[in-house]
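Working notes, beginning with the structure itself.
Read-outs throughout are calculated quantities, based only on the coordinates presented, and are distinct from any laboratory measurement. Everything numeric here is computed off the predicted structure, so don't read it as measured data. Cβ placement follows ideal geometry from the backbone for every residue including glycine, while neighbour counts extend to all protein chains displayed.
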Amino acid sequence: MQVGNNAVVMIHYTLTGDNGEAIDSSAGGDPLAYLHGRGNLIRGLESELAGKVAGDALKVRVAPKDAYGEVDADLIQVVARSAFSGIESIEVGMRFQTPTARGPRTAMVTEVHADNIHLDANHPLAGKHLNFAVEIVEVRAATMDELSHGHVHGPGGHHH
């Protein structure tokens, strides 16, 4: 069976950045299972998997526009330290919920100064090219439950 809309696809993958550092991998665990055509994978990877079959292996480089988008300057804020009353220690890398024009988002502390804190609510992979090494393990028809819920059930999916 070929990868196509409403197929359950199980893949092993390794994701690296342009400098070769590993960002994520399914190695040593269950393959990732997803329902093709339902937006459960980033667009740039999903489109490259269409038409492939179990046993295929491929390398895919996904541009930011087909992954997590470009860095949006509107999602970078400088906030007065006084807005963090009750929090004694604020360090780079900490995450907080913050209101944005697009609703609440998680923002990461990128700089800490005596009187202000820099927050970035962009996805951590925004603006980055993503390099995937993918092996398709299995392709099968989705069950009616999976189709109605919009995601895979069982190993590698939800409700297992």
> Using unit Cβ charges (K, R positive; D, E negative) and no other charged atoms, how large, in debye to the nearest 20, is the dipole of region 57-160 about its Cα centre?
Replying inline: 180
>> If the elastic network links every pair of Cα atoms under 10 Å, which of PRO104, PRO64, PRO124 fluctuates the most in the Gaussian network model of the chain?
In response: PRO104
> Under a GNM of the chain (C-alpha, springs under 10 Å), which listed residue has the highest mean-square fluctuation: GLY44, GLY127, GLY93?
Replying inline: GLY93
> Of ASP66, ASP115, ASP145, which has the largest mean-square fluctuation in a 10 Å C-alpha GNM of the chain?
Replying inline: ASP115
> Using a basic spin-label model with each label point 7 Å from the Cα along Cα→Cβ, how many nm lie between THR110 and ALA22?
Replying inline: 2.8
> Once the Cα gyration tensor of region 23-108 is found, what semi-axes does its equivalent ellipsoid get, as square roots of 5 times the eigenvalues, in whole Å, sorted largest first?
Replying inline: 37, 16, 12
>> Taking amide H atoms as placed 1.01 Å from N in the peptide plane, list the residues 5 or more away in sequence, or in a different chain, whose amide H sits under 5 Å from that of GLU70.
In response: GLY127
> What's the longest piece of the chain with no exposed GluC sites (Glu not before Pro), counting a site as exposed if DSSP puts it in a loop and it has at most 11 other beta carbons within 10 Å?
Replying inline: 92-160
> Residue by residue, what Karplus-based ³J(HN,Hα) values in Hz, rounded to whole numbers, does region 49-58 have, using 6.51, -1.76 and 1.60 with θ = phi - 60° and x for Gly and Pro?
Replying inline: 7, 4, x, 7, 10, 3, x, 5, 10, 8
> Per the helix-only calculation at 222 nm, which mean residue ellipticity applies to the chain, given -39500 (n - 2.57) for every DSSP H run of n ≥ 4 and division by its residues, nearest 500 deg cm²/dmol?
Replying inline: -2000 deg cm²/dmol
